[in-house]
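To start, the structure itself, in structure tokens.
The numbers here are math on the coordinates, done by the rules we state, and not lab data. From a predicted model like this one, the values you see are computed outputs, not experimental measurements. Quick reminder, even Gly has a Cβ in these numbers, built from the backbone with ideal geometry, and neighbours come from all protein chains shown.
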């Protein structure tokens, strides 16, 4: 065998090995990504299940009121995002810097044309200063879902805070954990 044909054969074998290795690595990476995606989906589904279980009794707004949840901020709507709806806030839970998926700081309702309120989700909220003092450099999360930071000044008149909406009772086409719900409206809200 000549040196030239040996070099050609060696280059072909090396190239073939690289293709096999890179294909194998891609398959491993794709499997790893798929496994992570499945785990994340299970965890987010579990969070939705917990929110539903923990807030089912609040389908009756009188129960939420009796447990310290009071309407704040009117009906929150965005200029082009949809709305957040009516936030019934439990001030004692907002003042607590812990996040417990079974005890949301806020329950969210949508006003209906018949004057009733429909429970559509929950909102977890912790003041940034309280969280950051206890967990420096560690962003807050609940079961793998990172909370969103709202800077100050903001439309709510609050200091900077972290929040996570969980649209557990009304499916949101833009995501279960986004701030705004594309299919919520404040049109039927007539004031506090």
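Ordered by packing density, taken as the mean number of other Cβ atoms within 10 Å over each peptide's residues, highest first, how do 103-111, 164-172 rank?
Working: 103-111: 24.2, 164-172: 21.7.
Listed from highest to lowest mean packing, they are 103-111, 164-172.
At what distance in angstrom do the alpha carbon centres of the stretch 165-192 and the stretch 111-142 lie from each other?
A separation of 14 Å, based on Cα centres.
Expected output is a single nm value to one decimal: the length gained when fully extending between residue 183 and residue 56, i.e. 0.36 nm times separation in residues minus the C-alpha distance. What is it?
43.6 nm
If N is the number of residues in the stretch 74-174, what value comes out of its Cα radius of gyration divided by 2.2 N^0.38 Å?
Normalised Cα radius of gyration, the stretch 74-174: 1.10.
Report the label-to-label distance for residue 135 and residue 155 in nanometres (one decimal), using points 7 Å from each Cα along the Cα→Cβ vector.
Between residue 135 and residue 155, the label points sit 2.6 nm apart.
Compare the peptides 92-100, 173-181 by average per-residue count of other Cβ atoms within 10 angstrom and give them in order, highest first.
Most protected by this proxy first, the peptides run 173-181, 92-100.
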